[in-house]
Amino acid sequence: KSVHCQYMMVVLFFSLLISVSSLAQNQDTMQKEKQELEMHRFPVIKTLMKFSGKKSIAKGSNDEYVIVEQRNYIIVYNKSNTLIHTYSSFMEEENMRMDLINFDKPLLDSYVNKILSPLFGNKPDAFPDLEFMSVSLYADRDGNIKELTMSYPKDAKIPVSAIEKFEDIILKSNLKLVFDKNSPYFRDATWVSITWMYSAEELRKRGGKE
């Protein structure tokens, strides 16, 4: 009986030892996975968002706009924009789930077709297949659009007056970004954004120049 008890004590001791070792290994594995996640995390921008290129200021009727020339493209945004210059957890790669953001695309399309397509249509010849115009909408946690940025081919030659008109109608419209702000992807975000791209050639065709 004594031998049996000793045997059971030895078995219990080694079982406990294995459990402690397994727990330590699991913690070590979790720590390594966390470190790897940090290594592969999308660089978090907590300072001013910077656009490289030649910059200039264009004056509209009421606002000033920053114009950035990048090779064959123009990036433009309102000089008074603030969200793009501040950090939001939405900017981290694992939180950038734009597929979980909805908006009234037909409404956005209607503004693009009304204000911008005719300007693309002024170009007599076709745009290259891989040239696009993009519209980025920035919204607060309630989905209210507060700012926007645009990029487009230089050949589109969009005047600042049209950009100001487009921005004004977007900000005064019922267009919103719809998302679950309690979702882990948006819970800690101070703002969210979505970008939609339009084929420059399709816009030219809509503008009336086939």
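The values are calculated or read from the model by the stated rules, or taken from the named source; none is laboratory data. If you're wondering where the values come from, they're calculated on a predicted model, not measured in any experiment. Positions of Cβ are generated from backbone atoms using ideal geometry, with glycine treated the same way; all protein chains shown enter the neighbour counts. Just so you know, the surface numbers come from the protein's heavy atoms only, side chains and all, with ligands and any DNA or RNA stripped out. Shrake-Rupley method; radii C 1.70, N 1.55, O 1.52, S 1.80 Å.
Here are some notes:
- The residues of the stretch 89-162 present an accessible area of 45 Å² per residue when probed at 1.4 Å with all protein chains retained.
- Converting phi to 3J(HN,Hα) with the Karplus coefficients 6.51, -1.76 and 1.60 and the offset θ = phi - 60°, the stretch 202-207 yields 5, 5, 4, 5, 5, x Hz in sequence order, with x at every glycine or proline.
- Charged side chains reduced to their Cβ positions (Lys and Arg at +1, Asp and Glu at -1) give the stretch 162-210 a dipole of some 120 debye around its Cα centre.
- Protein accessible area in the stretch 64-174, 1.4 Å probe - carbon and sulfur %: 51
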